[in-house]
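Inspection log for the structure reproduced underneath, given as structure tokens.
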């Protein structure tokens, strides 16, 4: 008795479209360090640099950590509808430029971007098929130690970030995955994110990313 041939697509012919990966989490959880390590590892994805009106910190590099621009330039980009998502956080404005995201997806490249929780919620409404990853600290006690230890904000700003973080932790149900960022163990967080992306690439029904006009 002959076996009938499967009418399905052979596994080696399955193709997954490009992913839009949204990385978010409270301030101080190591998102920037995780992204930096992902970039240095040569991971094949387009990393989108967020635009901000926030003053550059000493250790930061323009065009790498953020694109630092004036409030006037930000407003012009906003009026020109050049942002996929934008928000005001701690008195400064942040925005994800739409063009590089759209261009990378058209070229079949995965896109990874970092936004705050407010931004993640906005993108979730516009692009629900994106992959949402929430980076969290092992505990609020450790997050407090991290924020106070980096000494990049005043005591008032540090306390404000901790209060905001406590509220942001309640947004966990918004996300698809959670990654715990342990102090001094960035590589483990990076491996977890890479594993998430690999798993997404093996979905039976792949995600179709469609950006709003």
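Write down the percent of antiparallel bridges among all DSSP beta bridges whose residues are both part of region 17-201, to the nearest 5.
Close to 30 percent.
Considering only C-alpha atoms, what is the centroid distance from region 125-152 to region 87-104, in Å?
Measuring centre to centre over Cα atoms gives 18 Å.
Quick one: if you stick a label point 7 Å off each Cα along the C-beta vector at residue 40 and residue 109, how many nm between them?
My value for the distance between the label points is 2.1 nm.
For a quick protection proxy, order the peptides 127-140, 26-39, 77-90, 55-68 by their average other-Cβ count within 10 Å, most packed first.
26-39, 127-140, 77-90, 55-68
Would you mind pulling out the separation of the Cα centroids of region 153-207 and region 23-56, in Å?
Region 153-207 and region 23-56 have Cα centres spaced 12 Å from each other.
Quickly estimate the mean residue ellipticity at 222 nm for the chain, helices only: each DSSP H run with n ≥ 4 gives -39500 (n - 2.57), and the total goes over all residues, rounded to 500.
The per-residue figure over the chain is -11500 deg cm²/dmol.
Give the shape of region 167-212 as rounded, prolate or oblate, defined through the alpha-carbon gyration tensor: a ≥ b ≥ c are the square roots of its eigenvalues, a/c under 1.5 means rounded, and otherwise the shape is prolate if a/b is larger than b/c and oblate if not.
Oblate, since a/c reaches 1.5 and b/c is not below a/b.
Dividing the Cα convex hull volume of region 17-201 by residue count, how many Å³ per residue is that?
117 Å³
Let me know the shape class of region 72-126, please: from the alpha-carbon gyration tensor, a ≥ b ≥ c as square roots of the eigenvalues, rounded when a/c is under 1.5, otherwise prolate if a/b is greater than b/c, or oblate.
Oblate.
Every number here is computed from the coordinates shown, using simple stated rules; none is lab data. Everything numeric here is computed off the predicted structure, so don't read it as measured data. Cβ atoms come from the backbone with ideal geometry, glycine included; neighbour counts cover every protein chain shown.
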